[in-house]
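The values are calculated or read from the model by the stated rules, or taken from the named source; none is laboratory data. Only a predicted model underlies this, so the values are computations on that prediction, with no experimental measurement involved. Please note: Cβ atoms are built from the backbone with ideal geometry, for glycine as well, and neighbour counts cover all protein chains shown.
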Amino acid sequence: MSNVIQSEAEESETEYIHDGEQTEDALARRVYHLNTLYELNQEISTLRNVHEVLEASLLYIIGVFGLRRVLIAIYKNDELHPRRLVYRGMRKDTATRFLKQLEPHLKATSVRVVCVAQDATSPSYPSPLGRGKDEGSELAKLLKDNQFCVWLPLEVDEQTWGGIVLGEKLSETAFTEDDLELLSTIAINIQNVLSNVSLIEALNQSVIKETRIRNVFQRYAPEAIINEVLNPSNEELLLGESEAVRRMFEQMIAQLEEQHVLEQDLNWAHRVQEYLLPNQSPQIPNIGIAARSIPARGVCGDFYDFISLNPYEVAFSLADIAGKGMSAAMIATMLQSATRLCVGSYYPIPAILSILNRFMFRHTETTRYATMFYGQVNAQERTLTYSNAGHTPGIFCRDGKIQLLEIGGSFVGIFEQCSYEQETIELHPNDALVIYSDGVTDAGATPEAPNPEDGFGQERLEATIVANASLPANALLDAISDEVTRYASGNKLFDDITMIVMKVE
Amino acid sequence: MHRECKINVHEDNDLATIEVLGDLTASAEKAIGTAYQKACGYNAKNILLKFDGKSRINSAGIAIVINMVIESQEKGCKVFIAGVSKHFRKIFELVGLTKYTTIVDSEEEVRKL
């Protein structure tokens, strides 16, 4: 009997380890994807030539999905946008022949993504056609006949400029919805860069052409005419317009280049963050939930998230990454993805924070860490269970009295091993809960001399919550936001402001 | 912090070794291509791509490794990879590279095979 129990225990432990390994795999894959997006964006943002942008993108796409054959084509083919083709894993004549076959289909289609399975007989290689069109389309047939799996158009200013074509994965696994989502985000990055780089290239061409005309003119025009034209008194008149155009082009190029790099970074981070933020607050019976995030610098080093566990239970998290700007936003995105994966695995709350802690420790620099408040609220059992990883205390308000939610453990990502505690609170009607980042209490302090005493502060926050505790969640959130904004008026935010508000009805 | 990539190639007893010191990213594509052509020139049966244990390899770097492994496979030459961290072993596995190449702990391990 004891052997049977021991065996069952071992089996359960093995399952737990197996689940853990799968979660680690999924985390590693997600981090790899996010790093790829970040690095691809960084790299192509510095390039000034369409061919180089396509070549670099091609490499990242091969590497991120593990592909043998890839083709990226630009076939707009007008004066400013000549035809381009980059490819790997096939001969040039194969690539050009395929592109020729592809073009007529593309003009006739408005399909966003086409994904076909090469091995139709294998159930392990299904076609994730969720967002694409039918497999029976001519385009899908053409892809299949040429042993390609995915077609994704590259669109600039609502015009199809070309597209990306992927062959099978080395892993022989199907393209998933996540893969297509990632590919779409990569395509958006490429499209934005292409739009600007094409313009820069076209302007450069104009400048080169203008300089060439001038050189040819100086070399071959009759001396009398040159003297006439280059006579200082006439130059302004005759070459003035041309010179002004050249100067204008040069200025435009310099401005475009500078603006282009900054915009690319911010746009990319915005898109990833928007993609990950919840579209709306979750709905569970008798508990109102509202949330808001205001970035201080265009991108946010805080995040909040909700994951519905069942019709009555919601997991929520609010984290603040040490540091600000792009790098903090990047880590916030990483941690948010990791949190979603862990929550999906139904680990106990302290285990989730321990896994996230180890993940942050392993995948970020040693100076990088996050504070995090993680909880689960159950409307059926009327309970709140939470663990606070070094975050500002959650504020729980019942009958005008404040309880600070501080049970938990250390920051996430500082030490390789960390254990966490959890606390469960029974919820009563009219209870209010506010989880917030320190940007709320620091609002109003100046970045040059950030003295916490100048900020909105915890006392004012508690007083605002007590004064408005009878309001529903959305109205309570608005009341706090208004109070903070009023207090900070005139001072630009120097830290992100993020809040989750819950109200028991 | 990006570590500049330096590449050495040598051959010993039917094993051509391409030694990669530093990070493998898109900027190393040309240098790796040249090193690979040199390694193929030895007509060795096996090629070892040896990293220094601290190398960071991004997606573009992995694409370079994929292209090399596929080309070698077409030539009937086997590619081994050594000196990669546990993290990059996992990435190689995720992208399907481990189906086409063998990851080993050291150069000695390849020689014993």
Run down A:GLY413, A:GLY439 and say which single residue is without any contact (Cβ under 8 Å) to a residue 60 or more places away in the chain and small (Gly, Ala, Ser). A:GLY413
In this structure, is A:SER337 among the small types (Gly, Ala, Ser) and modelled with pLDDT of 85 or more? no
Return yes or no: is B:LYS45 over 16 Å from A:ARG68 (Cα atoms), out of contact with any Asp or Glu (no Cβ under 6 Å at 6 or more places or on another chain) and modelled with pLDDT under 90? no
Just one listed residue, out of A:GLU24, A:GLU43, A:GLU55, A:GLU39, is within 10 Å of chain B (Cβ to nearest Cβ), modelled with pLDDT of 90 or more, within 25 Å of B:VAL95 (Cα to Cα) and part of a helix (DSSP H, G or I), and it is A:GLU55
Return the residues of segment A:38-59 that are surrounded by 23 or more Cβ atoms within 10 Å (Cβ to Cβ) and under 18 Å from A:MET334 (Cβ atoms); say none if nothing qualifies. A:LEU40, A:ASN41
Looking at segment B:84-93, is at least one residue within 7 Å of another protein chain (Cβ to nearest Cβ), buried (at least 21 other Cβ atoms within 10 Å of the Cβ) and at pLDDT below 95? yes
Any idea how many residues of segment A:43-58 are touching a strand residue (DSSP E or B) at 6+ places or on another chain (Cβ under 8 Å) and not acidic (Asp, Glu)? 5
May I ask you to say which residue of A:TYR386, A:TYR420 is within 34 Å of the chain's Cα centre (by Cα) and assigned to a loop (DSSP other than H, G, I, E, B)? A:TYR420
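Just one of B:LYS54, B:LYS45, B:LYS6 is surrounded by fewer than 15 Cβ atoms within 10 Å (Cβ to Cβ), touching a Cys at 6+ places or on another chain (Cβ under 9 Å) and in contact (Cβ under 8 Å) with a residue 12 or more places away in the chain; which is it?
B:LYS45
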Could you please tell me which pairs satisfy a Cβ distance under 7 Å, a separation of 6+ or placement on different chains, a first residue in segment A:185-210 that is modelled with pLDDT of 75 or more, and a second residue that is of a type in the set (Phe, Trp, Tyr)? A:ASN189/A:TRP268; A:LEU194/A:TRP161
Quick one: in segment B:67-84, which of the residues that are out of contact with any Gly (no Cβ under 7 Å at 6 or more places or on another chain) and part of a loop (DSSP other than H, G, I, E, B) is nearest to B:ALA16 (Cα to Cα)? B:CYS77
Which one of A:ARG398, A:ARG362, A:ARG368, A:ARG460 is surrounded by 13 or more Cβ atoms within 10 Å (Cβ to Cβ) and closer than 21 Å to A:TYR347 by Cβ? A:ARG362
Considering only segment B:22-36, I want to know if a residue exists there that is aliphatic (A, V, I, L, M), more than 24 Å from A:LEU58 (Cβ to Cβ) and within 11 Å of the chain's Cα centre (by Cα). no
Is it the case that A:ALA338 is in contact with a Pro (Cβ under 7 Å, 6 or more places away or on another chain) and surrounded by 19 or more Cβ atoms within 10 Å (Cβ to Cβ)? no
Considering only residues that are modelled with pLDDT under 70 and in contact with a helix residue (DSSP H, G or I) (Cβ under 7 Å, 6 or more places away or on another chain), which ones fall in segment A:451-462? A:PRO452
Of the residues that sit in segment B:99-108 and are in contact with a Leu (Cβ under 9 Å, 6 or more places away or on another chain) and not basic (Lys, Arg), which one is nearest to the other protein chains (Cβ to nearest Cβ)? B:TYR100
Hey, can you tell me all the residues within segment A:127-177 that are surrounded by fewer than 18 Cβ atoms within 10 Å (Cβ to Cβ), at pLDDT 80 or above and basic (Lys, Arg)? A:LYS141, A:LYS144
